[in-house]
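Have a look at the structure below, then the notes.
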Amino acid sequence: MSQFAQGSEAAVSAPTQHPRRARRKFNVMSIVGTTPMILTAVGVFVVCIIFSFIWSFTNSKLFPNFNFIGFDQYVRLWKSDRWNISVGNVFVFGICSLGANMVFGYLLAVFMDQRIQQEDLFRSIFLYPFAMSLVVTGLVWQWMFDPNLGIQSAVRQMGWTDFQFAPLTNQATAIYGVVLGGVWNGVGVTMAIMLAGLRGVDSEIWKAAKIDGIPAWRTYLFIVLPMMKGAILTAFILQCTGVVRVFDIVIAMTQGGPGIATQMPAIYVIQYITDRVNVGQGMAAASTMLLPVIAVIALQGLLQWRSKRKKEKAI
Amino acid sequence: MTSETMTAPKIGATGAVEPRGAKPKKLTIARVGVYAFLVIAALFFLMPLWVMIVTSLKGLPEIRLGHLFNLPAQVTFEPWLKAWDTACTGRDCNGLKPGFFNSLKITLLSVPVSIVVAMINGYALSFWKYKGSDLLFGILIFGAFVPYQVVIYPLIIGLSKVGLFATLPGIVIVHTIFGMPILTLLFRNFFASLPPELFKAARVDGAGFWQIFFQIMLPMSVPIAIVAVILQTTGIWNDFLFGTVFAGRENMPMTVQLNNIVTTTTGVREYNVNMAATILTAAVPLAVYFISGKWFVRGIAAGAVKG
C-alpha cells in the first residue's frame, strides 16, 4: 500500500528533472512572497498578544515596564464599576442586537422571498446602511434621538403630546438606543445572507410541504430554517465579531454615557492606554477580552476532535 | 390561476438564483400584508437618510422649530459649505476637507497594498505550501476573531520603535495587517477552487513562483480582486478605531474628524452642519455601494464564510 503511494508520487513529480532541488528553490520564493503574512501571523497575532498578556501582570503606567505585581491588575479590574458595567453592557448589547438582528434578518428574508415586485430596490434599501460607517450611524441616530428636536418632539408636534422616545438621555435605556442603531446598520447583511440561504434550499422540499398541506409559515419556521445552518452560522459569526469589537457606534452615539451607562470593554481598554495612562490595567482588560474568543475556539476544537474520534471508531 | 401554472416550471428550470418559495396568488390579503411589511421596513431604513438630508438643507432657526421630518421651508446650502470648508474641530477651522484628503490618501495606498499582499498569500497557500504555512494560515484566521484591543498597544510600541507610529506608512501597515485574515481567506478559497491542472501545466513548462503568479493567476483573479477592492475601500474609509489610534494628527481620517466636529462643538450646536458633514463622510462608501450593486453583497458573504 505504502509502496504504491510512493510510486505514484514519483510518477507525478517525474516531469521536473530534479524534483527535490526544484522544490526547495521554489519554497524559498514562496516564503519570500509570504513574508508579510509570516510577520503578521507571528509578529502581531502571537507576539503582540503575548506582550499584552505579560504587561497585564505589571504596574506599567505611561510606558510599559516589567515590574511584575501578580494578579493585582485583574483584581482591580473586577473591582472596578466601570469594567463590571462594561461587561454587563456588552452582554446586553450582544444578546439584544444578535437576537433582533437574526430575527428581523430572517423575517425580512422570508418576506423578500415572496416573489415580490421591485426586489432589487428593497434589497438596496435594506442594505445601504451597512455601507455607512458605524460613526455615521451613531451620529445620525443620536440626532434622531435628540429629546428636544428629534423623533420625540416631531411626534409630539403631530398631536401625540406625551409621546416618550429619547432612549439616550436615560441611563437605563441608553444601551437599547445603541442596539437600535446597530441593528439598523447590520440587519440588511443578515437578510442578504439568509435570503441566499433560503434560495439554496432544495425546491423539492417546498413541493413536498405543499403536498402534505403544511402552511407556508410553518414550512419556513420548522422545515426550511433548520436546513439553512450554513447561512445562519455565517450571519451569526459575522455579527458576533462585531459585538466583541463594539466601539465606534458607542463613541459616536453616547461616548459611553450618560455617566458610564453605555461603557464597553473595548472603550475601557482604549481609555486606559490613552487618557487614563495605566497600561497595566488596560492590558488586563484586553487580555480578559480574549477569553471568550479562546473559549469558542477551544469548544470548536473539542467538537472537531470528538467527531474525528467518532469517525475513527466507525471505521 | 394562469400566473401560477406559468411560473411553476420556471422555478425548477432556473434553480437557486430566481425567487422561489410560496407562490404568488392574486391580490389577496396576504399579498397586501407582505407589501405592507416591506414598505414599513423600507421606511424605517430610509428614515435616517431622509432626516439627514432635510436637516442638512435647513437653516438653524428652522431646525429649532422641530418638525424633524418636514422638508425645508427654505433650502440653504450654507451648512454643506461650512461642513466642507470652515467647521471647527478644536482650534482648527478647516472643515472636513483635510479629513477627506487624508482618508483618500490612506484608502488609495492601503487598498492596493493589502490586496496584493493577500493575493500572494492566497496563491502561496494554495499552490506553494511549505512547512508551517497551514499553521500560519490558522493563526491568521484566529486573528480575524481577536478583538483589536488585545494587539493594539504592543503594535503602538512596535511601530514607534521603528519610527512609523502616527505616520502615513504606519496606518497603511495597520490596515494591511488587519485586512489580511479576511482577504487571505478570500483569495485562498478562490485559488483553491481553480483546476489544479492549470498550475501543473505551467510547472511542467518550467514557470516559477512569480511567473505563474503574474502570467496566469493575476489575470484570472480579476473578479475576486474586484470583490476585495469593494470590501477594503468601504472598510478602510469607514474605519474609526485605527484612524484614532494610529494615524496621528497629520493623517486624521474623515470619520475621526467628523466625530470631532460633531461632539466637540463649543457654543451653539449646528445640527445642519453636523448632518451635512455626516452625509459627506458617508458619500464615498455609499457611492461604492450603489455602483457595485450585487458585488457588494458577494463581498460581505465571501468575507464571512469561514475557512
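Can you tell me which residue among B:Pro79, B:Pro72 is more than 9 Å from every other protein chain (Cβ to nearest Cβ), more than 28 Å from A:Val187 (Cα to Cα) and in a helix (DSSP H, G or I)?
B:Pro79
For the stretch A:204-223, check the following and say yes or no: at least one residue is away from chain B (no Cβ under 11 Å), touching a Gly at 6+ places or on another chain (Cβ under 9 Å) and at negative phi.
no
Report, by residue number, each residue of the stretch A:93-123 that is in contact (Cβ under 8 Å) with a residue 24 or more places away in the chain and closer than 21 Å to B:Lys294 by Cβ. It would help to see each step written out before you state the result.
The first filter runs over the stretch A:93-123 and keeps only residues in contact (Cβ under 8 Å) with a residue 24 or more places away in the chain, leaving A:93-94, A:96-98, A:100-102, A:104-106, A:108-110, A:112-113, A:123.
A:Gly105, A:Tyr106, A:Leu108, A:Ala109, A:Val110, A:Met112, A:Asp113, A:Arg123 - these are the residues of the stretch A:93-123 that are in contact (Cβ under 8 Å) with a residue 24 or more places away in the chain and closer than 21 Å to B:Lys294 by Cβ.
If B:Asn260 passes every condition in (1) in contact (Cβ under 8 Å) with a residue 40 or more places away in the chain; (2) out of contact with any strand residue (DSSP E or B) (no Cβ under 7 Å at 6 or more places or on another chain) but one, which one does it miss?
If we test B:Asn260 against (1) in contact (Cβ under 8 Å) with a residue 40 or more places away in the chain; (2) out of contact with any strand residue (DSSP E or B) (no Cβ under 7 Å at 6 or more places or on another chain), just (2) comes out false.
If a residue must be of a type outside the set (S, T, N, Q), buried (at least 16 other Cβ atoms within 10 Å of the Cβ) and within 23 Å of A:Phe247 (Cα to Cα), how many such residues does the stretch A:56-75 contain?
1
Within the stretch A:120-138, is there a residue that is under 25 Å from B:Trp50 (Cβ atoms), among the acidic types (Asp, Glu), in a helix (DSSP H, G or I) and facing chain B (nearest Cβ under 7 Å)?
no
Name every residue in the stretch A:224-236 that is farther than 18 Å from A:Gly99 by Cα and at the interface with another protein chain (Cβ under 10 Å from one of its Cβ atoms), in order of residue number.
If the condition is that a residue be farther than 18 Å from A:Gly99 by Cα and at the interface with another protein chain (Cβ under 10 Å from one of its Cβ atoms), then A:Val224 is the only one that fits.
Out of all the residues in the stretch A:103-125, which are surrounded by fewer than 21 Cβ atoms within 10 Å (Cβ to Cβ) and either of a type in the set (A, V, I, L, M) or not assigned by TED's automatic domain parsing to the domain that holds A:Trp184 (or both)?
Those that are surrounded by fewer than 21 Cβ atoms within 10 Å (Cβ to Cβ) and either of a type in the set (A, V, I, L, M) or not assigned by TED's automatic domain parsing to the domain that holds A:Trp184 (or both): A:Val103, A:Leu107, A:Ile116, A:Leu121, A:Ile125.
Only residues that are basic (Lys, Arg) and crowded, with 22+ Cβ neighbours inside 10 Å: list them for the stretch B:240-263, please.
None - no residue of the stretch B:240-263 is basic (Lys, Arg) and crowded, with 22+ Cβ neighbours inside 10 Å, so the list stays empty.
Can you tell me which of (1) touching a strand residue (DSSP E or B) at 6+ places or on another chain (Cβ under 9 Å); (2) surrounded by fewer than 18 Cβ atoms within 10 Å (Cβ to Cβ) is the one B:Val204 doesn't meet?
Looking at each condition in turn, B:Val204 falls short on (1).
Looking at A:Gln255, A:Gln239 in this structure, which one is in a loop (DSSP other than H, G, I, E, B), facing chain B (nearest Cβ under 10 Å) and not basic (Lys, Arg)?
The match here is A:Gln255.
Give the residues of the stretch A:237-261 that are under 28 Å from A:Ile193 (Cβ atoms) and of a type in the set (S, T, N, Q), sorted by residue number.
The answer is A:Gln239, A:Thr241.
The values are calculated or read from the model by the stated rules, or taken from the named source; none is laboratory data. What you see is a predicted model; the values in this text were computed from it and never measured. Glycine also receives a Cβ, built like all others from the backbone with ideal geometry; neighbour counts cover every protein chain displayed.
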